[in-house]
Amino acid sequence: MPSQLLSTKSIDKLIAEADEPEHRLRKSLGPWSLTALGIGAIIGTGIFVLTGTAAAGVTLEFQSIFKAPLLDILVHGGHPVATAGRPGAGPAIALSFFLVAVVCALAGLCYAELASMIPIAGSAYTYSYATLGEIVAWIIGWDLILEYAVSNMAVAVGFSAYVDSLLVGLGIHLPPQLMNPVLNGSLHLTGAYFNLPGFLVVMILTVILVIGIRESAGANNFIVAVKIVAIVIFLVAASRFVAASNWKPFAPNGWQGVLTGGAIVFFTYIGFDSVSTAAEECRNPKHDVPFGIIASLIICAVLYVSVALVLTGIQPWRTLNNAAPVANALLAIGLTKVQRWVTVGALMGMLSSLLVFQLGQARVWFAMSRDGLLPRLFSRVHARFRTPHVSTWTAGFFVAIPSGIFSLDWLADLSNIGTLFAFVLVSLGVIVLRRKQPERRRAFRVPWVPVIPILSVLCCFVLMASLPLETWIRLFVWLVIGLTIYFLYGRHHTEFAPRAAVVGAAGESAAATEKRGQL
């Protein structure tokens, strides 16, 4: 048993299995399609909301020890902090965005190296199977399923609210019973029957994903283009109203404010890892996947910094702590038409995030099934479309149905901690493979190993410690459920299972006997 838990899968075998006819996916993605996938996943509504929140600062009320960040609990000896004010970065939020981009680049570089070596669907799950062992691969695969699913559940609910707001603005009033979840964040009945827009948007995107990766990438390219146009319109129109006096002082709360702002906006960069889930559907993955990861981070960093500078330039930073800082700032300077473009940009941001994360989730189901950790049904490939249709439909219903019933904003932190956990394992995987297989060709190499991977691990652990204790507890419960499934099913169906080894040995013996008979 211990040997199986720590067994690693050969990189050459992973690549060979991906090329088997029954599991082969259509390779149609190029470097810019991958870059668009990264931008689609990274830039959501956060660019229009968290930018203002992080600039103005927040006051957090911890009603119990479970709501307090783990780091605060450790520092205060286990006593909950009733109220904690966090100073804003002010105009220096632009610097926060830049510094966070640098931190994310540490993990991004690690992803790029492993993706160039192991161009297989599954992202951190596959990399962990090749470097850290089967049990670690199962944990991170199960964790990634949660990360992508929970994130999209929250986005789908938010999308429904935005659609409702947009329709009301046009004078169209749909029944509220069909526009809201059945249960709120406290699991109390809301009086609604079903959140129909949240359900439908996920299922429509699921159909697109089943039809083909080329069609999915084309839809994402269009959505991302509209989103970028909306951001550029904001930048061009609002920049004429920038007053340099609003940037003084640039960092009103010093480095403490800059770092606090960075902690708040860090999670707006999460999503670049989803580029690696599409590696198996890329024409030249060894070069294009690293390009897509790094290019998407650079482009998003430029957009985030630009929006931060313009937003804090058109309104005093202290006024930006509200639910819609960009929209309200535009209304304050009389740009009502541009404000509508911001709403369109927010909707496009949600759509692209939903599309890319649904794609990523389905590829994780597919990769785990192909390795035997989940039922083989999920690794079936559509004969015509060459997409993992069963896992795509499964991921679709897994997200769409809860999106119609629950309001899962309170689970957003679970997505964040899951992503950071994946970053840690990928960074460690780079170090392990450099030691175990230094001779293997790497189309992309992380510089200054092990310094950069270690810095990535440390940064991720600090950010994980900043999340509430209840998030850690929920992650632990999810992992316990996952480990139960692994020990009851997964470990019995992989190539390292004792029964599989016996059958394999018997098969080899029979083949050898037959060969001798022929001789």
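A few comments on the model shown:
- Verdict on GLY133 being on the phi > 0 side of the Ramachandran plot and at pLDDT 90 or above: yes
- Hey, PHE241 modelled with pLDDT of 95 or more and either farther than 26 Å from VAL150 by Cβ or not in a helix (DSSP H, G or I) (or both) or not: yes
- Selection status of ILE452, surrounded by fewer than 15 Cβ atoms within 10 Å (Cβ to Cβ), in a helix (DSSP H, G or I) and touching a residue at least 60 places away in the same chain (Cβ under 8 Å): no
- Inside the stretch 271-306, residues that are buried (at least 23 other Cβ atoms within 10 Å of the Cβ) and of a type in the set (Val, Ile, Thr) make up a count of 4.
- Qualifying residue in the stretch 363-370 (condition: of a type outside the set (Phe, Trp, Tyr) and surrounded by fewer than 24 Cβ atoms within 10 Å (Cβ to Cβ)): yes
- Among all positions in the stretch 335-357, there is at least one residue which is in contact with a Phe, Trp or Tyr (Cβ under 9 Å, 6 or more places away or on another chain), part of a loop (DSSP other than H, G, I, E, B) and more than 30 Å from LYS27 (Cβ to Cβ).
- Every pair of residues 6+ apart whose Cβ atoms lie under 7 Å, when the first sits in the stretch 302-324 and is over 12 Å from THR51 (Cα atoms) while the second is modelled with pLDDT under 95 and crowded, with 24+ Cβ neighbours inside 10 Å: ILE314/ALA329; GLN315/ALA329
Each row is one residue, and each column tells you yes or no for (1) of a type in the set (A, V, I, L, M); (2) part of a helix (DSSP H, G or I); (3) under 23 Å from VAL275 (Cα atoms); (4) touching a helix residue (DSSP H, G or I) at 6+ places or on another chain (Cβ under 9 Å).
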residue	(1), (2), (3), (4)
ILE417	yes, yes, yes, yes
LEU425	yes, yes, yes, yes
VAL432	yes, yes, yes, yes
ARG440	no, no, yes, yes
CYS459	no, yes, yes, yes
THR471	no, yes, no, yes
GLY482	no, yes, no, yes
ILE485	yes, yes, no, yes
PHE496	no, no, no, yes
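- Residues of the stretch 40-71 satisfying the condition of being assigned to a strand (DSSP E or B), at pLDDT below 65 and either surrounded by 17 or more Cβ atoms within 10 Å (Cβ to Cβ) or of a type in the set (D, E, K, R) (or both): GLU61
- Test: ALA332 is free of Cβ contacts under 8 Å to residues at least 24 places away in the same chain and more than 30 Å from SER7 (Cβ to Cβ): yes
- Taking first residues from the stretch 371-399 that are of a type in the set (Asp, Glu) and partners that are part of a loop (DSSP other than H, G, I, E, B), the Cβ contacts under 9 Å between residues at least 6 apart in sequence or on separate chains come to ASP371/LYS9; ASP371/GLY122; ASP371/HIS493; ASP371/THR494; ASP371/GLU495.
The values are calculated or read from the model by the stated rules, or taken from the named source; none is laboratory data. Small disclaimer: the values here were computed from a predicted structure and weren't measured. All Cβ positions, even for glycine, are placed from backbone atoms using ideal geometry, and neighbour counts span all protein chains on display.
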